[in-house]
Amino acid sequence: IIISAEAVNDGINLSWNKPKNASEIIGYNIYRSTRSGKQSNTPITDFPIVGTSYTDKNIDNNQTYYYILKAVYKDKTLGEPTAEVSVESNFGKTIVLQVGSKYMHVNGKKIEIDPGKGTEVVIKNGRTFLPIRALIENMGGEVEWNQSEQKVSLYLNKHKIYLWIGNKTAKVDGVNKETDVEPYISATNRTMLPLRFIIENFDCEVDWDGLTQKVTIKTN
């Protein structure tokens, strides 16, 4: 039996093949540890897993886990352990911003939106604006600024977004798209970009709470 592991949004997905003597097997036990070769003698479920896949959701984010699997036979004996497989969990991130605040919370950690500048999230023309660099970098992306073109380039995963100051036409993955508000330079000389347009075009979730003026972003 060969077991494989993959980090998914809600945990770690484990899958394996059926051996030739599968008719004698009633299920499978999975054993987990955070150190190689140190799996507990107690399986992660209190029942043999039927089928050839299981998602382990009882885990911490950004932690490497080591798994082995044993077949459970009809006479309740256990098969030999599989070769160990390891994987690092990665649930993505939840980022919360508040209009009027100079901080964001990334998976609960308080971080300045515009480090050292004190710039706050603002509403202008009915849209949420902020300096975007720290946010995008905390999402795992990159930001570039071209002074001569007044152009901001944003990169996250396989996506590319280009915006220009004072221009409602953006370019998303090579295709022109119209924003309903244009990027601008603030009175304090900060580059302010429209949040929702960027986050949605990066295929991330964004929720707006009008009562609290709070924005919640969930990355994949």
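Annotations
- Dipole-positive endmost among VAL99, THR52, ILE25 within segment 1-109 (Cβ charges, Cα centre): VAL99
- One Cα centroid belongs to segment 107-126, the other to segment 1-69; the line between them spans 41 Å.
- Mean separation of Cα contacts under 8 Å (6+ apart) over length of segment 81-145, as relative contact order %: 21
- The phi torsions of segment 9-22, fed into the Karplus equation with coefficients 6.51, -1.76 and 1.60 and a -60° offset, translate into couplings of 4, 10, x, 10, 8, 10, 9, 7, 9, 7, x, 5, 9, 4 Hz, rounded to whole numbers, with Gly and Pro shown as x.
- Cut-off 15 Å between beta-carbons: net charge of the residues surrounding VAL152, Lys and Arg +1, Asp and Glu -1: +1
- Only the Cβ atoms of Lys and Arg (+1) and of Asp and Glu (-1) were treated as charged; on that basis the dipole of the chain about its Cα centre amounts to roughly 180 debye.
- Reciprocal of mean inverse Cα separation for segment 137-220 (Kirkwood radius, Å): 13.6
- Of LYS70/LYS93; LYS57/LYS177; LYS124/LYS151, pairs whose Cα-Cα distance is over 27 Å: LYS70/LYS93; LYS57/LYS177
- Compactness of the chain, taken as the C-alpha radius of gyration over 2.2 N^0.38 Å, stands at 1.39.
- Relative contact order of segment 71-198, pairs being alpha-carbon contacts under 8 Å that are 6 or more residues apart, as %: 14
- Calculated mean residue ellipticity at 222 nm for the chain: -1500 deg cm²/dmol, from DSSP H runs with n ≥ 4 weighted as -39500 (n - 2.57), summed, divided by the residue count and rounded to 500.
FYI, it's all coordinate maths here, none of it is from the lab. Predicted model only: the values in this text are computed from it and were never measured. Cβ coordinates were reconstructed from backbone atoms using ideal geometry, including for glycine residues, and neighbour counts include every protein chain displayed.
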